[in-house]
Amino acid sequence: MAEISVLEGCFAQLGEAPHWDEQSSKLVYVDILGKSVHLYDAATGKHASISRKLRAHRNFGDHSGALLIATKYVIVFLLFVISYVSLLLAEDKPNNRFNDGKCDPAGRFWAGNMGPEPRATEVVPEQGSLFCLHADGAVTKHDSKITISNGLGWSPDNKTMYFIDSIPARCVYAYDFDMPTGSISNRRIAVQVDPLYGVPDGMSVDSDGMLWVAMYNGGKVVRYDPSNGKELSVIEFPVSKTTSCCWMGPDYDQLIVTSERCRLSQEEKDAQPLAGSVFRVKNLGAKGLPSIPFNG
């Protein structure tokens, strides 16, 4: 049976993009509305954070001890506790912002963007695109007419890439993925999410190739089989706005799940005292895959 606990000291107004760094045994996640990056040391339980007025950022790749982060308009290298520097501008609509991002198996950094969001999940439709940052600094635009770019992942055999468009599609797309070149093709729907489950947000892939999708406004993480789109299991949380997930630990057998507190009503906050927490889930009978650093 799944065992859910809270990582002590880990909290965010809008937690997103958890990332486990195997070399340092540290968990990194971002607080979008808090404009900060957080670091949790699993060995000591200590927690640290840094804020440099990063705007609407989600990540993640790492490179030579730095963090590669997609902010509102740019992708930056963030040197923890030191400084950050702009790397590039990969934006084709002035009011867009980057959203979720992740490195592919070859170490390229992928990030999608989205249009203005005056209220949570209410977004100007089809303004977003999917970009890839290559090791040499080149940027490729791979897809467009995306409304809310979200979770990314790759199959264990590196032949398929998954990408979430949250609203109104509420689906996980699958693409044929060519690892040597980073090209994608043959977009199709791998998972169509039931609206009763909420809005598909962040995602992680396990070692069996199954997809774990955090459901915003659904308070759950759902495991799907992308070969047929079928639901395999559901983990319920004591908060409504679960946002993203990743695998953590030496065996990658602990699922980390972030959540949001800021955009709850006062009544909802009173009813959900753990909203904004970072949760750890054990005893799932599944394991994740190692995260890939940026290769640039």
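The values are calculated or read from the model by the stated rules, or taken from the named source; none is laboratory data. All values derive from a computational prediction rather than experimental measurement. Ideal geometry is used to build each Cβ from the backbone, glycine not excepted, and the neighbour counts take in all protein chains shown. Accessible surface areas use protein heavy atoms only, side chains included; no ligands, DNA or RNA. Shrake-Rupley method; radii C 1.70, N 1.55, O 1.52, S 1.80 Å.
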Once label points are set 7 Å from the Cα along Cα→Cβ at both Asn217 and Val234, what is their separation, rounded to one decimal in nm?
-> 1.7 nm
Accessible area per residue in Å² at 1.4 Å probe, computed on the chain = 41 Å²
Taking only Cα atoms of the range 3-282, radius of gyration then Dmax in Å | 17.1, 51
In nanometres, what is the gap between the two model label sites at Glu3 and Lys145, each 7 Å from Cα along Cα-to-Cβ?
-> 4.9 nm
Of the accessible area of the range 3-282, with the probe set at 1.4 angstrom, what percent is carbon plus sulfur?
-> 49 percent
Under a straight-distance cross-link criterion of Cα-Cα below 20 Å, which lysines are reachable from Lys93, leaving out those fewer than 8 residues away in the same chain?
-> Lys72, Lys141, Lys145
Taking 0.36 nm per intervening residue step and subtracting the Cα-Cα distance, what contour gain separates Met179 from Asn95 on full extension?
-> 27.1 nm
Helix-only CD estimate at 222 nm, as mean residue ellipticity for the chain, using -39500 (n - 2.57) per DSSP H run (n ≥ 4) = -500 deg cm²/dmol
Under the definition of Cα pairs under 8 Å and six or more residues apart, what whole-number percent is the relative contact order of the chain?
-> 18 percent
